[in-house]
Amino acid sequence: MRRNGFTPTFALALSLCLCFATVLTTTAQTTKNVGGTAFALPDFENEILQEINLARTRPQDYAAYLEQLRPGFKGKLLRLSGSHEVETQEGTAALDEAITFLKGAPQLNPYSVSRGMSLGANLLVQEQGAKGLFGHKGADGSLCDQRLGRFGRLTGSVSENLSYGKLNARHRVLTWIIDDGFASRSHRLSIFNRDFKLVGLSCGNHSQRTTMCVVAFAGGFDEKAAGGNGAQSF
């Protein structure tokens with residue numbers, strides 16, 4: 001199991017400056033999971049899923065969104081709009097490396113969404129949001145696979161991407177792909193892992209960073225084994 005570090009300095013800085021009017025609403029989109037069971041995925045989570053799948057299925061096209069950030073760089077400073085500047089750890093090096101990766105990446109199948117995995121992701125959102133906490137470990141010491149395991153049986157490998165801050169869906173996914181400050185590029189590798197087939201998504205309020213999002217990735221998940229409780233229903 002791989003547990004990816006939470007959003008790096010670049011993304012946290014973006015959260016202060018890219019104040020796009022993304023509204024989290026209770027309106028839901030109906031999405032079918034791998035087992036064919038329909039459930040309501042909230043709008044913002046659905047937007048993130050669509051962005052991830054766009055990058056995964058059309059990586060060469062998605063590289064253009066990264067290229068649009070290049071003119072804003074001056075050394076390691078990125079001018080986003082007006083007088084707003086943020087300091088990245090790697091400057092354009094991480095951006096250029098991500099663009100090269102996308103241009104050479106194969107087209108992969110889109111992710112299917114799992115209700116049980118989304119409920120497992122929601123456990124961390126509910127716990128950390130009110131208290132302003134960060135990181136992959138829950139207060140009870142649980143990690144991603146254990147939280148997901150409360151709602152089904154995992155098969156294959158599992159990973160988790162976290163993001164904190166006021167970012168719209170596209171910029172949230174772009175920061176995971178750029179992965180500034182993470183030498184392993186583990187957030188990016190999770191999105192483009194050909195062994196992962198399913199995702200679970202949950203976003204919510206965060207007292208320190210406005211919003212947090214959790215995306216769990218897995219090779220397989222047996223919803224029939226679900227027997228957990230305590231998470232907010234979709």
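Normalised by the number of residues in the range 49-127, the mean separation of alpha-carbon contacts (under 8 Å, six or more apart) gives a relative contact order of 36 percent. Give me the base-10 log of I(q)/I(0) for the range 123-172 at each q in 0.13, 0.21, 0.24, 0.33 Å⁻¹, Debye formula, one uniform scatterer per Cα, rounded to two decimals. Debye output, listed in q order: -0.37, -0.86, -1.00, -1.31.
When the pairs Lys137/Lys166; Lys103/Lys137; Lys166/Lys197 are compared against a 25 Å limit on Cα-Cα distance, Lys103/Lys137; Lys166/Lys197 fall above it.
In the range 59-180, the ratio of gyration radius to Kirkwood radius, Rg to Rh, stands at 1.03 when only Cα atoms are counted.
Place the peptides 113-124, 44-55, 66-77 in order of packing, highest mean first, counting for every residue the other Cβ atoms within 10 Å and averaging per peptide. It would help to have the intermediate numbers written out before the result.
Values: 113-124: 27.2, 44-55: 21.7, 66-77: 13.0.
Those peptides, ordered most packed to least, come out 113-124, 44-55, 66-77.
Viscosity 0.692 mPa s, temperature 37 °C: what is the translational diffusion coefficient of the range 146-194 from Stokes-Einstein with a Kirkwood Rh over Cα pairs, rounded to a whole number of µm²/s? If you can, show how the numbers build up before the last one.
Working: Rh = 12.5 Å.
Once the numbers are plugged in, D ends up at 264 µm²/s.
Only aspartates and glutamates eight or more places from Lys76 in sequence, or on another chain, were considered; those with a Cα closer than 12 Å are Glu85, Glu87, Glu90, Asp180. Packing, taken as the mean count of other beta carbons within 10 Å per residue, orders the peptides 137-143, 183-189 from highest to lowest as 183-189, 137-143. Residues of the range 196-215 with the amide nitrogen closer than 16 Å to a label point 7 Å from the Cα of Ala40, along Cα-to-Cβ, please. Under cut-off, by backbone N: 203. Maximal additional length on extending the Gln208-Glu87 stretch stands at 41.6 nm, based on 0.36 nm per residue less the C-alpha distance.
Just so you know, all these numbers are worked out from the coordinates, no wet-lab data involved. From a predicted model like this one, the values you see are computed outputs, not experimental measurements. Because the Cβ atoms are built from the backbone with ideal geometry, glycine has one as well, and the counts that use them run over all protein chains shown.
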